[in-house]
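A.B. asks: I'd like to ask some things about the structure below.
The values are calculated or read from the model by the stated rules, or taken from the named source; none is laboratory data. Computed from a prediction, not measured in an experiment: that's the story for all the values here. We place every Cβ from the backbone using ideal geometry, glycine too, and count neighbours over all the protein chains shown.
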């Protein structure tokens, strides 16, 4: 699964998704536990193929999150309408949560966005009731900036 566009963290490696990842992603996105806070509904294979296997590049860049070489989650970043800004989303398989992998993968992705792409601001929007995700984003340096309709908006700015 190695790729020259991979991003290396301390605990994780993010590898751009490819067609070879479709079976894995389709399995993950079909389980309620994986999508509990990602739209809440399992996704059919066709949707996964269109949305999560790199077919939306360059607007959205998608990654498999690896820990010790094993796939443990999915991450993506997307460009906002404002230049130098955008957001990230991430979900880990349930058995990989609570091990510091999410904050490590988030920091790795944010570092890439700030250092390599010149972004100034990155946002995330976890469900306010998803305390584990909120804590993980905070560990990755994000701070809460607003709350609306059960969603938090959190941000991290270059230089924070």
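A.B. asks: Considering only the range 139-152, how many residues are under 24 Å from residue 98 (Cβ atoms) and in contact with a strand residue (DSSP E or B) (Cβ under 8 Å, 6 or more places away or on another chain)?
C.D. replies: Qualifying residue count for the region: 8.
A.B. asks: Of everything in the range 92-126 that's in contact (Cβ under 8 Å) with a residue 60 or more places away in the chain and touching a strand residue (DSSP E or B) at 6+ places or on another chain (Cβ under 6 Å), which residue is nearest to residue 39 (Cα to Cα)?
C.D. replies: Applying the filter and picking the extreme gives 126.
A.B. asks: Across the range 29-60, what is the number of residues that are farther than 20 Å from residue 6 by Cα and either part of a loop (DSSP other than H, G, I, E, B) or within 14 Å of the chain's Cα centre (by Cα) (or both)?
C.D. replies: Here the count works out to 14.
A.B. asks: Just to check your reading of the model, which residue among 73, 86 is closer than 17 Å to residue 157 by Cβ and assigned to a strand (DSSP E or B)?
C.D. replies: Within the list 73, 86, the selection yields 86.
A.B. asks: Of (1) crowded, with 16+ Cβ neighbours inside 10 Å; (2) more than 19 Å from residue 9 (Cβ to Cβ); (3) in contact (Cβ under 8 Å) with a residue 60 or more places away in the chain, residue 134 satisfies all except one. Which?
C.D. replies: (3)
A.B. asks: Shifting gears a bit: Filter the range 81-91 for residues that are touching a strand residue (DSSP E or B) at 6+ places or on another chain (Cβ under 6 Å), surrounded by fewer than 20 Cβ atoms within 10 Å (Cβ to Cβ) and free of Cβ contacts under 8 Å to residues at least 40 places away in the same chain; which is farthest from residue 15 (Cα to Cα)?
C.D. replies: The extreme case among them is 85.
A.B. asks: Here are some conditions: (1) out of contact with any helix residue (DSSP H, G or I) (no Cβ under 9 Å at 6 or more places or on another chain); (2) touching a residue at least 24 places away in the same chain (Cβ under 8 Å); (3) surrounded by fewer than 19 Cβ atoms within 10 Å (Cβ to Cβ). Residue 148 meets all but one. Which one does it not meet?
C.D. replies: Residue 148 satisfies every listed condition except (2).
A.B. asks: Looking at the range 31-45, can you tell me whether even one residue there is more than 28 Å from residue 134 (Cβ to Cβ) and either at pLDDT 90 or above or buried (at least 16 other Cβ atoms within 10 Å of the Cβ) (or both)?
C.D. replies: Yes: one or more hits.
A.B. asks: Go through the range 1-15 and report how many residues are at pLDDT 95 or above and either under 14 Å from the mean Cα position of the chain (by Cα) or not in a strand (DSSP E or B) (or both).
C.D. replies: Of the residues in the range 1-15, 9 are at pLDDT 95 or above and either under 14 Å from the mean Cα position of the chain (by Cα) or not in a strand (DSSP E or B) (or both).
A.B. asks: So how many residues does the range 104-122 have that are crowded, with 17+ Cβ neighbours inside 10 Å and more than 15 Å from residue 13 (Cβ to Cβ)?
C.D. replies: So the answer is 6.
A.B. asks: For the range 50-70, which residues satisfy the criterion of being surrounded by fewer than 16 Cβ atoms within 10 Å (Cβ to Cβ) and modelled with pLDDT under 95?
C.D. replies: Those that are surrounded by fewer than 16 Cβ atoms within 10 Å (Cβ to Cβ) and modelled with pLDDT under 95: 50, 55, 56, 57, 58, 59.
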